[in-house]
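Working notes, beginning with the structure itself.
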Amino acid sequence: MSHNQHHEPLSEVVVDSTHSSRRLHEPNNLNLDHKEKAKRDTLILAYKTLGVVFGGLVTSPLYVYPSMQLDSPTEDDYLGIYSIIFWTLTLIGVVKYASIAIKADDHGEGGTFALYSLLCRTLNIGILPSKRVYTNSSGPESSDSIHDEGTGKKSWLGKFFERSIVARRLLLFIAMLGTCMLIGDGILTPAISVLSAVEGVRAPFPSVSKSLVEALSAAVLVFLFLLQKFGTSRVSFMFSPIMGAWTLCTPLVGIYSIIHHYPSIFKALSPHYIVHFFWRNGKSGWLKLSGTVLCITGSEAMFADLGHFNRQSIQIAFLFTIYPSLVLTYAGQTAYLIKNPNDHGDGFYKFIPTPVYWPVFIIATSAAVVASQSLISATFSIIKQSVVLDYFPRVKILHTSRNKEGGVYSPEVNYILMVLCVAVILIFGNGQDIGNAFGVVVSLVMLITTILLTLVMIMIWRIHPVLVALYFLVFFVMEGVYVTAVFTKFAHGGWIPFAISFILAIIMFGWFYGRQRKIEYELTNKITLNRLQELLVDRSVQRVPGLCFFYTNILDGLTPVLGHYMKNTKSLHEVVIFTTLRYLLVPKVAQKERIIVKKLGLKGVYSCVIQYGYADSLNLEGDDFVGQVTSNLLIHIRNQSGIAQSDRQEIDEEILSLEDAKLAGVVHIRGKTRFYIGLNCGWFDRIMLAFYEFMHSNCRSALPALGVPLQQRIEVGMLYEV
């Protein structure tokens, strides 16, 4: 189809223009001062990542040992568990995320969705045919001359995905499931972090009941969620010092514990302790993995939060602070537990020396709140990306920061998260049950990233097959074993995130499928310019005063709603701008490519494409939106090249007509379309489209996102028969 042919080249134009603007600020021949400044800026960024990126990962010692079901553990058991934790942190943390995954960014953006969009843009294996991009310099007709990174010789796997719609849908569902698992992370991280931290009250005060701890944890979370509407930027300056204090104090306690309890703990770094552990424990050793997997929780954030920082700052922070801190903290915990083998139920607070207990408790509780905040913010960001790319029903998205694009807030999502978090604590107050649930999220997200990363290695990076096989075997087997272990806890809390994520994935897929079918119908039944001319020539059709923004989802032709509207009202405004909002599979669109306008060859008829990347903010509102579009249109009319002097008067009249129409009144018309499911419709379409219609009738309109006043809106109803 023609849309697919044009999508890739023009996406590249947008990306290249963004990158070229960045390069203006990053000259190759930096002098010494600039190099020093760049190093300093990177170190400052690395410091900031402590509070945003690594909250979940660095607070994991709070709940790893308490989540394990240990029965009369021996010294060798603890050495084996520490060896598993160390090698999990090293292989998955250092090798997979900090060294490999972090390089698979989509123009600076990371995460499961970025991997999917990278595959889609490069290999043209997306499903929707509507993500083609116009640019100022070229319309769709001239785009073939633009370089396309996906036009080289494709791998056999790339060809297979391009041929198979089933494979493409499966890939989309896997990417969506990974995204939904991260949202599940946003529910479980606050619950387990805050609950584990507040549990510390019971060590000095054993009389405090478990239900009181749960109530206190729920109160802390409710307070945290109620603060979200003010935006994270107001309190974020506190985050990094808190996490810095936590990252520094826990390894110091760990070193004290190692010296005091078991100085030879580091002999457990030898992998043979892992072999001995499984040899001795067999099936019970495998089942204990459902607890040890939590040591790597939050590592996905290293990759997912790449867009807010940069590769080097995240690597520096992880390799030089987070990784050593975790290795020493877990070593200290294990050293204490070897001498006190039955204290594993409260494996964190018991190993804290009495003189520093309360300072550590305060830091731990604060760190748990920070860890929760980073995951809540990430959830808002994921939902926003999904909404703007039409993968999720429209919800209200507010920008809480003028300077930080990632600072978004959604009231509906916030309160749903709050209810689910509190419900998880009050219903599954047992830390082990929540740990089981958390293990499912952590292991599945890692496994999905491994699968998508392997596809990137084969189809985009073209890594040698032997190296790809080595990577895939090591990490797929390792994470696969973890997944099988956590799924044994499915009945004991493990079903919670899976149910939440599966429901979210069904919602996303159902919405996406409905939008796809709607666009397919519009492309099949589109109004061409020739057909529009025929309708305008009809004497019964009147041109009425005013400026009309007529919204259409397609770029090849005009929406069928236009024909339906004109046939029934027998009118069209003097000036009509057919407007398409286009969200692209790129993080950002250059400012000069944001609003693209052109004449359509008929009197008073123009087209306007407003383009956004999934990390851009939709900052046009009401009159500002109308003003920007009309000013761009006036510039376009004035700058037409090759105009004879005799035509100048015609151009002046066209400009005057546009200004008069704007003064006469502005109206925004959009289709309120529904599917009419015919008798010949298949069972899959019947189910999915009925589900889509239910969601569509209960979601927000697309127009309020542009701040269009209510009195200027007209919705035209039309049935699409399938």
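The values are calculated or read from the model by the stated rules, or taken from the named source; none is laboratory data. It should be emphasised that the depicted structure is a prediction, and the values quoted were computed from it without experimental measurement. Note: ideal-geometry Cβ built from the backbone for every residue, glycine included; neighbour counts use all protein chains shown. Accessible surface areas use protein heavy atoms only, side chains included; no ligands, DNA or RNA. Shrake-Rupley method; radii C 1.70, N 1.55, O 1.52, S 1.80 Å.
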Query - Residue list for the stretch 30-51, restricted to those being open to solvent by 10 Å² or more (accessible area, probe 1.4 Å), touching a residue at least 24 places away in the same chain (Cβ under 8 Å) and of a type outside the set (A, V, I, L, M) - result: THR42, TYR47, LYS48
Requested in this report: Could you check THR49 against (1) at pLDDT 80 or above; (2) closer than 21 Å to GLY439 by Cα and say which number it fails?
Outcome: (2)
Report summary line: Filter the stretch 563-574 for residues that are over 38 Å from the mean Cα position of the chain (by Cα) and in contact (Cβ under 8 Å) with a residue 40 or more places away in the chain; the one that is farthest from GLU721 (Cα to Cα) is GLU574
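Yes/no per residue for (1) at pLDDT 90 or above; (2) among the polar types (S, T, N, Q); (3) touching an Asp or Glu at 6+ places or on another chain (Cβ under 9 Å):
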{"position": "LEU289", "(1), (2), (3)": "no, no, no"}
{"position": "GLU300", "(1), (2), (3)": "no, no, yes"}
{"position": "ASP305", "(1), (2), (3)": "no, no, no"}
{"position": "GLN312", "(1), (2), (3)": "yes, yes, no"}
{"position": "ILE316", "(1), (2), (3)": "yes, no, no"}
{"position": "LEU319", "(1), (2), (3)": "yes, no, no"}
{"position": "VAL327", "(1), (2), (3)": "yes, no, no"}
{"position": "ALA335", "(1), (2), (3)": "yes, no, no"}
{"position": "GLY345", "(1), (2), (3)": "no, no, no"}
Query raised in the report: Which members of the stretch 388-399 meet the condition of being within 22 Å of PHE230 (Cβ to Cβ) and buried (at least 20 other Cβ atoms within 10 Å of the Cβ)?
Result: ILE397
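Go through the residues of the stretch 539-562 one by one and say whether even a single one is over 25 Å from VAL597 (Cβ atoms), under 31 Å from the mean Cα position of the chain (by Cα) and in contact (Cβ under 8 Å) with a residue 40 or more places away in the chain.
Checking the stretch 539-562: not a single residue is over 25 Å from VAL597 (Cβ atoms), under 31 Å from the mean Cα position of the chain (by Cα) and in contact (Cβ under 8 Å) with a residue 40 or more places away in the chain.
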Query raised in the report: If we keep just the residues of the stretch 603-651 that are charged (D, E, K, R) and either part of a loop (DSSP other than H, G, I, E, B) or modelled with pLDDT of 90 or more (or both), which is nearest to VAL586 (Cα to Cα)?
Result: ASP616
Query raised in the report: What number goes with the only condition from (1) hydrophobic (A, V, I, L, M, F, W, C); (2) modelled with pLDDT under 90; (3) surrounded by 12 or more Cβ atoms within 10 Å (Cβ to Cβ); (4) closer than 23 Å to LEU523 by Cα that ALA705 does not pass?
Result: (4)
Report summary line: Filtering the stretch 565-596 down to residues that are among the aliphatic types (A, V, I, L, M) and open to solvent by less than 20 Å² (accessible area, probe 1.4 Å) yields MET566, LEU572, VAL575, VAL576, ILE577, LEU584, LEU585, VAL586, VAL589, ALA590, ILE595, ILE596
Query raised in the report: Can we say PHE277 is closer than 30 Å to SER410 by Cβ and of a type in the set (Phe, Trp, Tyr)?
Result: no
Query raised in the report: Has the stretch 374-387 got at least one residue that is of a type in the set (A, V, I, L, M, F, W, C), surrounded by 22 or more Cβ atoms within 10 Å (Cβ to Cβ) and more than 23 Å from the chain's Cα centre (by Cα)?
Result: no
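Identify all residues within the stretch 66-119 that are of a type in the set (A, V, I, L, M, F, W, C) and not in a helix (DSSP H, G or I); write none if there are none.
Taking the stretch 66-119 first, the residues of a type in the set (A, V, I, L, M, F, W, C) are 68, 70, 79, 81, 84-87, 89, 91-92, 94-95, 98, 100-102, 104, 113-115, 118-119.
Matches in the stretch 66-119: MET68, LEU70, ALA104.
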Report task. Could you tell me whether any residue of the stretch 684-701 is farther than 28 Å from LYS592 by Cα, open to solvent by less than 70 Å² (accessible area, probe 1.4 Å) and modelled with pLDDT under 85? Result -> yes
Query raised in the report: Which one of VAL441, VAL387, VAL456 is aliphatic (A, V, I, L, M) and at pLDDT 85 or above?
Result: VAL456
**Report entry** Subset of the stretch 286-311 (residues that are within 17 Å of GLY184 (Cβ to Cβ) and more than 22 Å from the chain's Cα centre (by Cα))
**Finding:** SER290, VAL293
Report task. For PHE54, indicate whether it is at pLDDT 80 or above, of a type outside the set (A, V, I, L, M) and open to solvent by 10 Å² or more (accessible area, probe 1.4 Å). Result -> no
Report task. Could you please tell me which pairs satisfy a Cβ distance under 6 Å, a separation of 6+ or placement on different chains, a first residue in the stretch 507-524 that is over 16 Å from ILE554 (Cβ atoms), and a second residue that is aliphatic (A, V, I, L, M) and surrounded by fewer than 17 Cβ atoms within 10 Å (Cβ to Cβ)? Result -> TRP511/MET695
